[in-house]
Amino acid sequence: MHLDATFYALVGLILFFVLIAYLKVPGMIGKALDARAEKIGNELTEAKRLREEAQGLVAEYQRKRKDAEAEAAGIVAAAQREAEMLTAEAKQKTEEYVARRTALSEQKIKQAESDAINAVRSAAVDLAIAAAEKVVAAKADAGAQSDLFKKALGEVKARLN
């Protein structure tokens, strides 16, 4: 029989398969693949856990953000109410101040009018007295003046006692 290269290739292939079976390479490959599959499964489980944890954190931060926005809106509303209250209070105080100033000004005007009227009356009385003195002095002689003086002196003594 003549042995050619094909025969030797077949014998080598058979020996290779026998050697692989003897060394239990398919079992080792299966174990390696099983270990790798288990490792990938664990990684997937870990990834799912991390994803759920991340989603929980996202939900928590969104809730915190909404709470913070609500709190900020409350603060803004409170600030607006306080500003409106301060504005109303300032307006009321300004109106009261203007009313007080107006009343004070009116009171000063009335006092000035009263003072002016009294000054005019006083000047009129002084002018009337001066005119009366001139008229009395021109019309009265020495005797009449002496009688008027005695009469006025008697009235003063009577009022003093």
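Quick note: the coordinates plus some simple rules give every number you see, no bench work behind them. Worth saying up front: this structure is predicted, and the values here are computed from it rather than measured. Every residue, glycine among them, receives a Cβ derived from its backbone with ideal geometry; neighbour counts consider all protein chains shown.
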Could you work out how far apart the two model spin labels at residue 94 and residue 155 are, taking each label as a point 7 Å from the Cα in the direction of the beta carbon, and quote it in nm?
6.2 nm
Dividing the helical contributions, -39500 (n - 2.57) per DSSP H run of n ≥ 4, by the residues of the chain yields a 222 nm value, nearest 500 deg cm²/dmol, of -35500 deg cm²/dmol
Just to be sure I understand, if you calculate volume of the Cα convex hull per residue in Å³ for this structure, which of (i) 135; (ii) 116; (iii) 270 do you get?
(iii)
Can you bin the stretch 86-161 into rounded, prolate or oblate? Criterion: square roots of the alpha carbon gyration tensor eigenvalues sorted a ≥ b ≥ c, rounded for a/c under 1.5, prolate for a/b above b/c, oblate for the rest.
oblate
Roughly how many whole Å is it from the C-alpha centroid of the stretch 87-127 to that of the stretch 55-71?
65 Å
Cα-based Rg then Dmax for the stretch 6-91, in Å, read 35.3, 115
